[in-house]
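S.K.: Got a structure for you, written out below as structure tokens; questions coming shortly.
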Amino acid sequence: QVQLVESGGGLVQPGGSLRLSCAASGSIFSFYTMGWYRQAPGKERELVAFITSGGSTNYADSVKGRFTISRDNAKNTAYLQMNSLKPEDTAVYYCSARRLGDKYWGQGTQVTVSS
């Protein structure tokens, strides 16, 4: 079992930045692929980015060049640095941990981009 707690969401103006954190506990963090997803009102949850246990990363086209995913295995924490935020980035952002057939989710953190 893995427990995930996201933090760092909030209200930001277009063009601004936020850093989301995902603190994990309950298992060996370094073994897991960590991902960030988001879900806007009326839309399906979509993958934003993920980072493997080996450090390889992948991004949705809509966030490439603006968002950066990283992990600190010593702190059992994954991060999502979000720059040049746009109103269409407004959503609830969820952290996930995946290994083999198991997948775990955090409770989500709201990100609102508005002037």
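The values are calculated or read from the model by the stated rules, or taken from the named source; none is laboratory data. Model, not experiment: these values are computed from the prediction. Neighbour counts are summed over all protein chains in view; Cβ atoms, including those assigned to glycine, are modelled from backbone coordinates with ideal geometry. Just the protein is used for accessible areas: all its heavy atoms, side chains included, with ligands, DNA and RNA removed. Shrake-Rupley method; radii C 1.70, N 1.55, O 1.52, S 1.80 Å.
S.K.: Which one of these does Leu47 not meet: (1) within 10 Å of the chain's Cα centre (by Cα); (2) open to solvent by less than 30 Å² (accessible area, probe 1.4 Å); (3) aliphatic (A, V, I, L, M)?
M.R.: Here Leu47 meets the rest and fails (2).
S.K.: Which residue, of Lys86, Lys103, Lys75, is under 20 Å from Ser7 (Cα atoms) and touching a residue at least 60 places away in the same chain (Cβ under 8 Å)?
M.R.: Working: Lys103 fails: touching a residue at least 60 places away in the same chain (Cβ under 8 Å); Lys75 fails: touching a residue at least 60 places away in the same chain (Cβ under 8 Å).
Among Lys86, Lys103, Lys75, only Lys86 is under 20 Å from Ser7 (Cα atoms) and touching a residue at least 60 places away in the same chain (Cβ under 8 Å).
S.K.: Please find, among Leu47, Leu85, the residue that is aliphatic (A, V, I, L, M), assigned to a strand (DSSP E or B) and on the phi < 0 side of the Ramachandran plot. Working first, answer last.
M.R.: Details: Leu85 fails: assigned to a strand (DSSP E or B).
The match here is Leu47.
S.K.: Does Gly101 count as at pLDDT below 95 and not polar (S, T, N, Q)? Steps first, answer last, please.
M.R.: Working: at pLDDT below 95: yes; not polar (S, T, N, Q): yes.
So Gly101 passes the test.
S.K.: Output the residues belonging to region 30-44 that are open to solvent by less than 30 Å² (accessible area, probe 1.4 Å) and assigned to a strand (DSSP E or B).
M.R.: Initial filter on region 30-44 (open to solvent by less than 30 Å² (accessible area, probe 1.4 Å)): 32-36, 38, 40.
Passing the criteria: Thr33, Met34, Gly35, Trp36, Arg38.
S.K.: Search region 1-24 for residues that are acidic (Asp, Glu) and pair each with any residue that is at pLDDT 95 or above and surrounded by fewer than 14 Cβ atoms within 10 Å (Cβ to Cβ) when their beta-carbon atoms are under 7 Å apart and the residues are at least 6 apart or on different chains.
M.R.: Glu6/Gln107
S.K.: A follow-up question, please. Any residue in region 96-114 that is touching a Pro at 6+ places or on another chain (Cβ under 8 Å) and among the hydroxyl-bearing types (Ser, Thr, Tyr)?
M.R.: Step one: filter region 96-114 for residues touching a Pro at 6+ places or on another chain (Cβ under 8 Å), giving 113-114.
Narrowing the set further to residues that are among the hydroxyl-bearing types (Ser, Thr, Tyr) leaves 114.
So far as region 96-114 goes, yes, one or more of its residues are touching a Pro at 6+ places or on another chain (Cβ under 8 Å) and among the hydroxyl-bearing types (Ser, Thr, Tyr).
S.K.: Right, something else. So, in region 59-111, how many residues would count as being among the aliphatic types (A, V, I, L, M) and open to solvent by less than 20 Å² (accessible area, probe 1.4 Å)? Show your work before the answer.
M.R.: Step one: list which residues in region 59-111 are among the aliphatic types (A, V, I, L, M), which gives 60, 63, 69, 74, 78, 80, 82, 85, 91-92, 97, 100, 111.
Next, from what is left, pick out any that are open to solvent by less than 20 Å² (accessible area, probe 1.4 Å): 63, 69, 78, 80, 82, 85, 91, 97, 111.
Number satisfying all stated conditions: 9.
S.K.: Still on this model: So in region 1-29, with the set limited to residues that are in a strand (DSSP E or B) and of a type in the set (Gly, Ala, Ser), which one is farthest from Tyr104 (Cα to Cα)?
M.R.: The first filter runs over region 1-29 and keeps only residues in a strand (DSSP E or B), leaving 3-7, 10-12, 18-25.
Filter once more, so that each one left must be of a type in the set (Gly, Ala, Ser): 7, 10, 21, 23-25.
On the way: Ser7: 16, Gly10: 23, Ser21: 16, Ala23: 12, Ala24: 10, Ser25: 11 Å.
My answer is Gly10.
S.K.: Now, a different point. Which members of region 88-115 meet the condition of being within 26 Å of Ser27 (Cβ to Cβ) and assigned to a loop (DSSP other than H, G, I, E, B)? Break it down into steps so the answer makes sense when it comes.
M.R.: Initially, region 88-115 is screened for residues within 26 Å of Ser27 (Cβ to Cβ), giving 92-109.
Passing the criteria: Leu100, Gly101, Gly106, Gln107, Gly108.
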